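Engineer: After the structure tokens below, expect a handful of questions from me.
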Amino acid sequence: MKHLLSVAPMMERTDRHFRYFMRQITRNTLLYTEMITTAALHYGDRAKLLDFSPEEKPLALQLGGDDPQALAECALLAQEWGYDEVNLNVGCPSPRVQSGNFGACLMAQPSLVAQAVEAMQKAVEIPITVKHRIGIDEQDSYSDLVNFVRLVSEVGVTRFTVHARKAWLKGLSPKENRTIPPLRYEDVHRLKKDFPDLSIEINGGITTLEQAKEHLKQVDAVMIGRAAYDNPYLFASVDQSIYRVKDTPLSRHEIVKRMLPYVQAWVENGGKLHAITRHLLELFTGCPGSKMWKRHITEQAHLTGAGVEVIEAALDRII
């Protein structure tokens, strides 16, 4: 199935629990991990970083790094673990990422990006994709963007996710880089016209399905970020309205009830309830009782021995 919609990789948000939760809401939307660095996979607990539930698929692993060989090795790990895609982060502007010479700063080094994705493609059979900005600092002309995409696509990458804002590598925080640089959707739309054989996905500032549908008239796919976390039920009708699936969307209550066995298993294996419930807080956004739902979970989920009864009690507070 062609990926028309995705939920953006978000640090400290798109972990395995959030992805499992989102999969109860939409079966077809492409989900991403948080960005994982090649160093973390080389030195860290790979099972903790890479394990996921089969229900989370289709699922992409996003990698951060600048060494072609290390990226190729990590892409192979992703394939062995069962991921459907590996995405290279060329969009994050945080100082920590810049210090490692990856993320958005790689837009100034398109030849290195091309070398990296070429090495990754040679190592695996699953797709290698790239998520990037429209530009960085003073390198933000449309011709700069075209040059980047051209060089990277020449080695075989066929899908690009383009955040329609430039990134300032100095002077703005990562949060400010998501809001202050103006959105230039027209550049992404134009990119699709100039590269009709590539799959171009647009990202940045998209908060409604109506907006997503309008973009889909001009590009191949839409990625939604913070809006997916702040209002996850936004995706309840995605399978029907975007993917033309005939199933009836689940109600919010039904989604919670589907989460309970997963929560129970997690807690019984020694996991903390809060690790899951922090992702559920905004499910009832806009509904009567939403504040009581969030308050009860926030106050009770961190307590020793807390389990599914906390969620069930919170559900009773929804009118």
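The values are calculated or read from the model by the stated rules, or taken from the named source; none is laboratory data. None of these values were measured; they are calculated from a predicted model. Cβ placement follows ideal geometry from the backbone for every residue including glycine, while neighbour counts extend to all protein chains displayed.
Engineer: Being surrounded by 16 or more Cβ atoms within 10 Å (Cβ to Cβ), under 17 Å from residue 303 (Cβ atoms) and among the basic types (Lys, Arg) is the filter here; which residues of the range 229-287 pass it?
Structural biologist: 278, the sole residue that qualifies.
Engineer: Could we say that residue 145 is hydrophobic (A, V, I, L, M, F, W, C), in a helix (DSSP H, G or I), touching a Leu at 6+ places or on another chain (Cβ under 7 Å) and surrounded by fewer than 18 Cβ atoms within 10 Å (Cβ to Cβ) here?
Structural biologist: no
Engineer: For the range 149-172, give me each residue that is more than 21 Å from residue 85 (Cα to Cα) and touching a Pro at 6+ places or on another chain (Cβ under 6 Å).
Structural biologist: Scanning the range 149-172 gives 165, 166, 167, 169.
Engineer: Name the single residue, out of those in the range 166-206 being among the small types (Gly, Ala, Ser) and at pLDDT below 90, that is farthest from the chain's Cα centre (by Cα).
Structural biologist: 171
Engineer: Looking at 213, 294, 217, 246, which one is at pLDDT 95 or above and part of a loop (DSSP other than H, G, I, E, B)?
Structural biologist: 217
Engineer: Any chance you could count how many residues in the range 184-210 are free of Cβ contacts under 8 Å to residues at least 12 places away in the same chain and assigned to a loop (DSSP other than H, G, I, E, B)?
Structural biologist: Of the residues in the range 184-210, 1 are free of Cβ contacts under 8 Å to residues at least 12 places away in the same chain and assigned to a loop (DSSP other than H, G, I, E, B).
Engineer: Taking only pairs six or more apart or across chains, which ones have beta-carbon atoms under 7 Å, a first residue in the range 164-179 that is in a loop (DSSP other than H, G, I, E, B), and a second residue that is of a type in the set (Gly, Ala, Ser)?
Structural biologist: Taking only residues 6 or more apart or on different chains, the pairs are 164/204; 165/204; 166/135; 169/104.
Engineer: Please determine, by comparing only the residues of the range 222-267 that are of a type in the set (Val, Ile, Thr) and over 25 Å from residue 34 (Cβ atoms), which one is nearest to the chain's Cα centre (by Cα).
Structural biologist: 245
Engineer: Can you pull out the residues in the range 38-68 that are of a type in the set (Ser, Thr, Tyr) and surrounded by 21 or more Cβ atoms within 10 Å (Cβ to Cβ)?
Structural biologist: 38 - this is the single residue of the range 38-68 that is of a type in the set (Ser, Thr, Tyr) and surrounded by 21 or more Cβ atoms within 10 Å (Cβ to Cβ).
Engineer: Across the range 267-291, which residue is farthest from residue 231 (Cα to Cα) among those that are without any contact (Cβ under 8 Å) to a residue 60 or more places away in the chain and in a helix (DSSP H, G or I)?
Structural biologist: Result: 268.
Engineer: Across the range 157-171, which residue is surrounded by the fewest Cβ atoms within 10 Å (Cβ to Cβ) among those that are closer than 22 Å to residue 194 by Cβ and of a type outside the set (A, V, I, L, M, F, W, C)?
Structural biologist: By that ranking, first place goes to 158.
Engineer: Here's another thing I want to ask about it. Taking residue 303, is it touching a strand residue (DSSP E or B) at 6+ places or on another chain (Cβ under 8 Å) and surrounded by fewer than 19 Cβ atoms within 10 Å (Cβ to Cβ)?
Structural biologist: No, not satisfied.
Engineer: Evaluate the range 127-144: report whether one residue or more is touching a Gly at 6+ places or on another chain (Cβ under 9 Å), modelled with pLDDT of 95 or more and farther than 26 Å from residue 215 by Cβ.
Structural biologist: no
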